[in-house]
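Read the structure below first, then the notes.
Derivation of every value follows stated rules applied to the coordinates shown; laboratory data play no part. Just so we're clear, the structure is a prediction, and the values are computed from it rather than from any experiment. A quick note on method: Cβ atoms are made from the backbone with ideal geometry, for glycine too, and the neighbour counts reach across all protein chains shown.
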4 protein chains.
Amino acid sequence: MDYQSILREIESEVRDEPKWGKVASYIPELGNIDPNKLGMHLCCFEKGQYAFGDSEERFSIQSISKVFSLTMAINLIGTEVWQRVDVEPSGDPFNSLVLLENENGIPRNPLINSGALVIADILVSNLEDPKKDFLNFVRKIAGRDDIQYNEKVAQSEKEWGFRNAALINLMKSFGNIHADIEEVLDFYFHQCALELSCSELANTFLLYANHGKIFDTGEEILTTSQTKRLNAVMLTCGFYDEAGEFSFRVGLPGKSGVGGGIAAIYPGNFSVAVWSPRLNKKGNSALGMLALELLTTKTGLSIF
Amino acid sequence: MDYQSILREIESEVRDEPKWGKVASYIPELGNIDPNKLGMHLCCFEKGQYAFGDSEERFSIQSISKVFSLTMAINLIGTEVWQRVDVEPSGDPFNSLVLLENENGIPRNPLINSGALVIADILVSNLEDPKKDFLNFVRKIAGRDDIQYNEKVAQSEKEWGFRNAALINLMKSFGNIHADIEEVLDFYFHQCALELSCSELANTFLLYANHGKIFDTGEEILTTSQTKRLNAVMLTCGFYDEAGEFSFRVGLPGKSGVGGGIAAIYPGNFSVAVWSPRLNKKGNSALGMLALELLTTKTGLSIF
Amino acid sequence: MDYQSILREIESEVRDEPKWGKVASYIPELGNIDPNKLGMHLCCFEKGQYAFGDSEERFSIQSISKVFSLTMAINLIGTEVWQRVDVEPSGDPFNSLVLLENENGIPRNPLINSGALVIADILVSNLEDPKKDFLNFVRKIAGRDDIQYNEKVAQSEKEWGFRNAALINLMKSFGNIHADIEEVLDFYFHQCALELSCSELANTFLLYANHGKIFDTGEEILTTSQTKRLNAVMLTCGFYDEAGEFSFRVGLPGKSGVGGGIAAIYPGNFSVAVWSPRLNKKGNSALGMLALELLTTKTGLSIF
Amino acid sequence: MDYQSILREIESEVRDEPKWGKVASYIPELGNIDPNKLGMHLCCFEKGQYAFGDSEERFSIQSISKVFSLTMAINLIGTEVWQRVDVEPSGDPFNSLVLLENENGIPRNPLINSGALVIADILVSNLEDPKKDFLNFVRKIAGRDDIQYNEKVAQSEKEWGFRNAALINLMKSFGNIHADIEEVLDFYFHQCALELSCSELANTFLLYANHGKIFDTGEEILTTSQTKRLNAVMLTCGFYDEAGEFSFRVGLPGKSGVGGGIAAIYPGNFSVAVWSPRLNKKGNSALGMLALELLTTKTGLSIF
């Protein structure tokens, strides 16, 4: 069956699902989103691009941005990154603070909040104009010059960011934050407020399916080895404490965000992004996970 | 045996102890203290005052101040205090953050850092000029007009207070901090930087041995019932995760501070304060605990 | 007001309370008890004995027996006991297994299940005929020759004792259980199945109010110092994770059991036992705690 | 470069490594093994079999057997397995008991001890002659009729199995163990005492690289979908709390055992087994992990 037919089937099956799950509401700006938005975009190496629904509408990518900041940090300082964060699944939604206490301020992995704050600290410490430089970096791998931070979302995150402030202060007490706390938080809240569409996300994630090279230009951002390792981290750590479940059901490295987006890849084959704002209890897009599970089931394409 | 002889024996036995334990060094201002300082002061209801050593020298009372802020909070808002903090021992030195996460931002008790921050929040929210009003309150129950905050210590605490900043931000994320975080921290760091001598501490603690009334003036600060409850909290929670050990060895309600001070009381009988800056692994004055154990052993006076 | 009037008032107020709380049902034998049973017995050093309700009816004392086994262990091997268990509050109802893992199989204190199993191990290792010898020991301090184990309850505990089996196996893996696991469990399940009335419990607890001497015979079971320490442990650890609350509200050393009994003492003054099978969420008798709070409030007699 | 040369290089580089790590010693039978044993065996779908060192010598496969028991359980009762165990990484070496308490006796995944005990319970409950039937099952997928349990190892495990007894009793208290505890433990200790060589292990694991079909006979043991899910579980959970590290460095689904063995697969391509008894701190074969990392680095073959 061709990909277009498969996506049509997925759309139909997903739209038939009961409407359950809740839009993220911890900041007002996210709570206002239409819960029925649904979009999907697939980029195949050999067979082109396929999409349905709201795949061209930009949304708040939130934690998916952690993959981009990690990419930039590895690009800047290489393996030194792994002296500041570990690569193990965190196992528990609520225990980042617990684990930080037990493990001397070294976050479990770079894709949970504490780890992403350390990565943000690395970028703030190594970039001249962190917010601008990071935005340009994402624009380059996306191949889109008009990607922006949503300033209202960034501001809203800051006003409600007490938990992230707790995390970064705790890590600072262990010496694992080097730059100024306020500056790192400001950078982090902007990073999470990036807006991309499914189409743009899928095309950006082609980098990780393409051994670290930008697909259109061939420019190497990460080495093959760095890319494999980053993909491994996405698989084991990309879905909070539901990484095992995602790996079990979908079988692809990927990353989710509380904005309802998920991006995933099959190395050497394709990248895909999906968006549906209703979240399951673990904070991942309920219909997004289903759409991706249907994709790997119907195509038979998973890394396992 | 008379109290003067008993104190002389205690001094002699304590001075013969090997010099072990370390002065608190998490802020430079505390690390500079002479580790060999040693003082003790006993106030008996019926038999007067007894002392030895550096009992008239002021030192940083640190966490002992939590008893005074709790007293003022109960004095201001009564039983409402107990809707914001619990009265259970914390059980673990390192788990304040853990417990806060598991218990929705309600600290285990008002005598650990998280609980004392909530008490500080209550004072900041209810006082016109919090730092000044609290200082006057302590001066009143101490009967000493010249008690002061050590501004250098307060400043040093602030510069190294990342862990307290983590605690207060986490509680704010649960809605259990109402005032401005910076203002509460500033108040808290000043509160901890109060300086009193053993003589002054013992006389201030007479309040708790005297059913809540200032001994010299008879002014009621707490009711008898409020005092009993506060004393119970001191006994079960006053020594971090060594409350059981202190109760077991000494058998008196009390509170310790990382400055090396301990104050304790025997309701209806006496109050006592001791100072020796070397701390055991649990953060309590090693020789201070010994001196108090000798006191209750030699006098036979303990609440059990 | 005389004690008889006070007890009459307590009975009246307690009987007026709404009927809430649940009878322990983890073993069928306990679940069959009449939830409305209510009895109280007070033994005053100078003023005799006072009682109301079902104070002469025997019930399953369950964890209150931990005080007796601890007493016998101290009587047998003295301070060595404290090398096998600590004296700190456990802080958490569910974490005995957690704490055992983190603390190398040393229980937090002898009054939680893990600690009482270690004490049982000490008795089994040091007594010729452990069940018989322990029964005789309790009979002696109770001054009653007909106290018995309820064999049906002991049997029922054994059949449902998987959690205790988990605890003892874990401690054995750390080397803190010396005797045979099955024998220790059998002893422990019998110990918990002891049956005493409020009247008998209060008279037995006179020992702890009387500095370790049996009140009627003057025989010394514990030294004054040992008694003080045991009383301190009761205060900080006698009520699971509600020790702080009990100390706060009642202010007496004591011990509760899931059979609905509570025994408490005021050193040098009185001992008291109360029985009401409905338990609060923390596993302590709801009305029993209220009755004791009323007693210390109305008499003004608490250790604080 | 051909596989034979690559294996020769791996052997040479691994033999040059400093000798570090310790042989498992928690039971005497395992502690007696020669720490310098080293073997590797690779089965490629298209290019045959390659090996070096002690690849034909049988050793105690220990936890690698968990993959076989899980396979048999899925084969017997299908998706029902996942109602008894979850599929999430455990995150912590020491917390299985903690997690069991917090998660009502449902183990995090079937490849840690608690989960494997539940799987053993499923087998014991569903097989007529559990130990014999399981042995025959392993023999069938291995294509070897003489695979055996080492009875001395099984006996030794039983004698020192207090921690596993703690785990199974705790799960029984939550109702997640149905069969008799002693029978399940006996089965489990035998299962862990299976002995296979690298050559046999690699050939057995071909099943998982071959979509669930026995390579030589074509018999389907698991469906393609079941196999993918089991492979996903191996990747996220197969290496205790080092699953992230193994995925990061090696990038293959696999399973390790404290006997020093590791088996891993690349779906559709190859299976591989390695044996070196010296373990790193996390309990995985130190040189085994290195050998596999060299294999994926030199061949460029990883699932990422």
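Could you tell me which residue in chain D puts its beta carbon nearest the axis mapping D onto B, with the distance rounded to whole Å?
Nearest-to-axis residue on chain D, with distance in whole Å, is D:102, 5.
In whole angstrom, and with the biggest value first, how far do the Cα coordinates of the protein assembly as shown range along each principal axis?
Principal extents (largest minus smallest coordinate, Cα): 94, 68, 59 Å.
Per residue of C:157-167, how many C-beta atoms from partner chains lie within 10 Å of its own C-beta, taken as a mean?
Details: counts 0, 0, 0, 2, 2, 11, 6, 2, 8, 12, 4.
Rounded to a whole number, the mean comes out at 4.
Please arrange D:22, A:228, B:282 by counting, for each residue, the other beta carbons lying within 10 Å of its beta carbon, fewest first. Can you show the working numbers first?
On the way: D:22 13, A:228 27, B:282 17.
Lowest to highest Cβ neighbour count: D:22, B:282, A:228.
Could you give the nm distance between label points at residue D:76 and residue C:298, where each point is 7 Å from its Cα heading toward the beta carbon?
6.2
Determine the shielding of peptide A:220-228 by partner chains: average, over its residues, the number of Cβ atoms on other chains within 10 angstrom of each Cβ. All intermediate terms of the calculation are to be shown ahead of the outcome.
Numbers: counts 0, 0, 0, 0, 2, 6, 0, 1, 11.
Per-residue shielding by partner chains comes out at 2.
Hey, fewest Cβ within 10 Å first, where do A:186, A:121 land in order? Walk me through the numbers on the way to the answer.
Numbers: A:186 19, A:121 26.
With the sparsest Cβ surroundings first, the list reads A:186, A:121.
Using all C-alpha to C-alpha distances in the stretch A:16-109, build P(r) with 10 Å bins and read off the rounded percent in each one.
Calculated over all Cα pairs of the stretch A:16-109, the distribution is 11, 26, 32, 26, 5 percent.
Given just the C-alpha atoms of chain D, how large is their convex hull per residue in cubic angstrom? Mind showing how you got there, number by number?
Details: hull volume 34.3 nm³, N = 304.
Here the figure is 113 Å³ per residue.
Tell me the relative contact order for the stretch C:204-304 as a rounded percent, counting alpha carbon contacts under 8 Å between residues six or more apart.
Numbers: 170 pairs, mean separation 23.3, N = 101.
Taking the mean separation of contacting Cα pairs over the length of the stretch C:204-304, I get 23 percent.
Which order do C:59, D:162 fall in if you start with the one that has the fewest other Cβ atoms within 10 Å? Could the numbers behind the result be given before it?
On the way: C:59 24, D:162 19.
Final ranking by Cβ density, sparse to dense: D:162, C:59.
Cross-link candidates for residue D:131: which lysines have Cα within less than 18 Å, leaving aside residues fewer than 8 places away along the same chain?
Reachable lysines: D:66, D:140, D:152, D:158.
Quick one: net charge of residue A:294's neighbours, Cβ under 15 Å, K/R +1, D/E -1? Walk me through the numbers on the way to the answer.
Numbers: positive: A:8, A:15, A:249, A:298, D:228; negative: A:9, A:11, A:13, A:16, A:17, A:293.
Its environment carries a net charge of -1.
So which aspartates and glutamates can residue B:47 reach, going by Cα to Cα under 17 Å and dropping same-chain residues fewer than 8 places off?
Cα-Cα hits under 17 Å: B:2, B:216.
At residue D:146, with labels set 7 Å past Cα in the Cβ direction, how many nm apart are the copies from this one, shortest first?
List, nearest first: 7.4, 7.4, 9.5 nm.
Taking a label point 7 Å from Cα toward Cβ, how far is residue C:25 from its twins in the other copies, in nm, shortest first?
Going from nearest to farthest copy, the values are 3.4, 5.1, 5.8 nm.
Just grab the label-to-label distance for residue C:220 and residue A:219, each label 7 Å out from Cα along the Cβ direction, in nm (one decimal).
Distance between label points: 8.8 nm.
So if we plug the beta-carbon distance of residue B:2 and residue C:46 into 1/(1 + (r/R0)^6) with R0 = 35 Å, what FRET efficiency do we get, rounded to 0.05?
That gives a FRET efficiency of 0.75.
May I ask you to report, in nm to one decimal and beginning with the shortest, the distances from residue B:160 to the same position in the other copies, taking label points 7 Å along Cα-to-Cβ?
Reported distances to equivalent positions: 3.7, 4.4, 5.3 nm.
Excluding residues on the same chain fewer than 8 positions from residue C:132, give the aspartates and glutamates whose Cα lies under 20 Å from its Cα.
Reachable aspartates and glutamates: C:121, C:145, C:146, C:151, C:157, C:180, C:182, C:183, C:186, C:195, C:200.
Given an 8 Å cut-off on Cα distances and at least 6 residues of separation, report the relative contact order of chain C as a percent.
On the way: 588 pairs, mean separation 83.1, N = 304.
It comes to 27 percent, rounded to a whole number.
The stretch C:145-304: percent of C-alpha pairs farther apart than 29 Å?
25
Using alpha carbon centroids, what distance separates the stretch A:154-194 and the stretch D:172-227, in Å?
Going from one Cα centre to the other spans 46 Å.
With runs of 4+ DSSP H residues as the only contributors, calculate the mean residue ellipticity of chain C at 222 nm using -39,500 (n - 2.57) per run, divided by the residue total and rounded to the nearest 500.
Details: 13 runs with 145 residues, N = 304.
The helix contribution divided over chain C gives -14500 deg cm²/dmol.
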